[in-house]
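I have placed the structure first, in the form of C-alpha cells, so that the comments after it can refer back to it.
The values are calculated or read from the model by the stated rules, or taken from the named source; none is laboratory data. All values reported here derive from a predicted model rather than from experimental measurement. Cβ placement follows ideal geometry from the backbone for every residue including glycine, while neighbour counts extend to all protein chains displayed.
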Amino acid sequence: MKKYSVGVDLGGTKILIALVNKQNGEILCHVKKKTKKQKGSENIMKKMVEGIEELFAESKINIDEVSSIGVGAAGQIDRENGIIIGAPNLDCFNIDIKNFLADRFNLPVFVGNDVEIAAIGEMKFGAGRGCNDFVCIFVGTGVGSSIVKDGKIIYGATGTAGEIGHIIVDLNGRQCACGAHGCLEAYASRSAIETRIEGALKKGRQSCIKDYLEPGKAITSSMIQKSIEREDELVIQCVTEASEYLSGGIASIINFINPKLIILGGGLIEAVDYFYQKTIKKARAKSLPVPAAKIEFKKAALGDYSGVIGAAFLEERVL
Ligand SMILES: [Zn+2]
C-alpha cells in the first residue's frame, strides 16, 4: 500500500494543501495559499497546482509513494465526476477538478465538500476516533454538517444530506443566501452574529467590539471572544441569541437521527467557548429525554487540519 496521500482544503479565504501519512494521520509537510476569489477560478486552480508542486518539492517524497490527491471544496460537488458544480465563496462554477489535476500529476483524484472532508478527518484521527455514528457540525461563515453512520458519510439521494444550515427555524424569518426564509444559518453563523452586531451599532448601541473593528473588514470570531471577555452586553446578547437557535437545530438533529456523539467545530466554536458551552447545554435541554440522556458532545480536535487530513482519505470513499 502506498503510504502517503495529498489532501487539499479549498476554502473561501485560504487553500491548505498537505502531504498526509495515511497510517497515522501525520502531516509531513503543508503549504498555505490565499484564495483571493476576486481573481477568478483560473487563478485558484493555478495556485492549487503550484501548491501541490511545492509540496512535492519540499517533502522530497517520491511520487510513487503517493496514492491519490483528495480535494474538498466549499460548495456543491458532483462526487462521481469530480466536478465543483457551484462554490459561490470561491467563485468556481462547473470546474472539472478531477481531470484538471489528474492530467497534471498523473494520480487518481477524488473531490468532496469542505464539511465532508473535515468530518472524515475527525473520524480518522480527531474527536470522532473510535465512534462510528456521529454528526459533525461546523459553525463559521455558515453552518454546515456531515452525518457519519457505520463509519461512512451519509450523502443522501442527491449528495446534499446534512445541510443543517438550511433547516427552517423561523417560518417567516430572515432571508437566507439559499433563497428561503428562516434558515438556521441566518441565525446561528458567525456572519449572522456579525449582521446583528452591525445592525445594533448602526442604531447607536454601544459595544467594546468597536475597539477591534476595521473599516471594510469582517467581525472575526476572536473579536467576538475578546468582547465577551470584557463582558460586553451587546455581543453577549447576540451570541446568546445565536446559541438559542443553534441549540434548537441541534436538538432537532438529536431527536431525528439519535447519534451517539455530536462534534462541534469551526471558527466560532473554537474561539468562543461561551458559545459552545451555552449551545450544548441548551441542546440537551431541548431534546427528548431518552436521546438527551445519552448524547455526547465534543469539540473538533484537529482544528484547521481536519479538512486536509480527511481529504487525504477521500480515496476510500464508496459512493
Ligand atoms: Zn438557507
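Considering only residues that are of a type outside the set (Gly, Ala, Ser) and free of Cβ contacts under 8 Å to residues at least 40 places away in the same chain, look in the stretch 54-75 and name the one that is surrounded by the most Cβ atoms within 10 Å (Cβ to Cβ).
We begin by selecting, within the stretch 54-75, every residue of a type outside the set (Gly, Ala, Ser); these are 54-56, 58, 60-66, 69, 71.
Narrowing further to those that are free of Cβ contacts under 8 Å to residues at least 40 places away in the same chain: 54, 56, 58, 60, 62.
Working: Glu54: 15, Phe56: 17, Glu58: 13, Lys60: 8, Asn62: 9.
Selected residue: Phe56.
Would you confirm, using the coordinates I've provided, whether Asn89 is at pLDDT 95 or above, assigned by TED's automatic domain parsing to the domain that holds Leu19 and assigned to a loop (DSSP other than H, G, I, E, B)? Talk me through it step by step, then tell me what you get.
On the way: at pLDDT 95 or above: no; assigned by TED's automatic domain parsing to the domain that holds Leu19: yes; assigned to a loop (DSSP other than H, G, I, E, B): yes.
No.
Is it the case that the stretch 185-198 has a residue that's in contact with a Ser or Thr (Cβ under 7 Å, 6 or more places away or on another chain) and under 14 Å from Ile262 (Cα atoms)?
Within the stretch 185-198 (the criterion being in contact with a Ser or Thr (Cβ under 7 Å, 6 or more places away or on another chain) and under 14 Å from Ile262 (Cα atoms)), the answer is no, since none of the residues qualifies.
Could you tell me which numbered condition Asp150 fails, if it satisfies all but one of (1) among the charged types (D, E, K, R); (2) over 20 Å from Ala118 (Cβ atoms); (3) more than 12 Å from the ligand (Cβ to nearest atom)?
(2)
For Ser247, which of the numbered conditions (1) among the polar types (S, T, N, Q); (2) crowded, with 19+ Cβ neighbours inside 10 Å; (3) in contact (Cβ under 8 Å) with a residue 40 or more places away in the chain fails to hold?
(3)
Mind listing just one residue for me: the one in the stretch 111-157 that is buried (at least 24 other Cβ atoms within 10 Å of the Cβ) and more than 25 Å from Ala283 (Cβ to Cβ) and, of those, nearest to the chain's Cα centre (by Cα)?
Filtering first and then ranking leaves Gly112.
Would you mind stating whether Val143 is out of contact with any His (no Cβ under 6 Å at 6 or more places or on another chain) and more than 15 Å from the ligand (Cβ to nearest atom)? Give the derivation first.
Working: out of contact with any His (no Cβ under 6 Å at 6 or more places or on another chain): yes; more than 15 Å from the ligand (Cβ to nearest atom): no.
No.
Suppose we filter Ile263, Ile253 for residues that are aliphatic (A, V, I, L, M) and part of a helix (DSSP H, G or I); which single one remains?
Values: Ile263 fails: part of a helix (DSSP H, G or I).
Just a single option satisfies the conditions, and that option is Ile253.
Mind listing whichever residues of the stretch 34-53 are without any contact (Cβ under 8 Å) to a residue 24 or more places away in the chain and either on the phi > 0 side of the Ramachandran plot or in contact with a strand residue (DSSP E or B) (Cβ under 8 Å, 6 or more places away or on another chain) (or both)?
Here is the first cut: in the stretch 34-53, the residues without any contact (Cβ under 8 Å) to a residue 24 or more places away in the chain are 34, 36, 39, 42-43, 46, 50, 53.
Across the stretch 34-53, the qualifying residues are Lys34, Lys36, Glu50.
To keep it simple, each residue is scored yes or no on (1) touching a helix residue (DSSP H, G or I) at 6+ places or on another chain (Cβ under 7 Å); (2) within 28 Å of Asp133 (Cβ to Cβ).
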residue: Ile224; (1), (2): yes, no
residue: Tyr245; (1), (2): yes, yes
residue: Ile250; (1), (2): yes, yes
residue: Ile254; (1), (2): yes, yes
residue: Leu264; (1), (2): yes, yes
residue: Leu268; (1), (2): yes, yes
residue: Pro289; (1), (2): no, yes
residue: Lys294; (1), (2): no, yes
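Which condition number does Gly162 fail, the rest of (1) at negative phi; (2) assigned to a loop (DSSP other than H, G, I, E, B); (3) more than 12 Å from the ligand (Cβ to nearest atom) being met?
(1)
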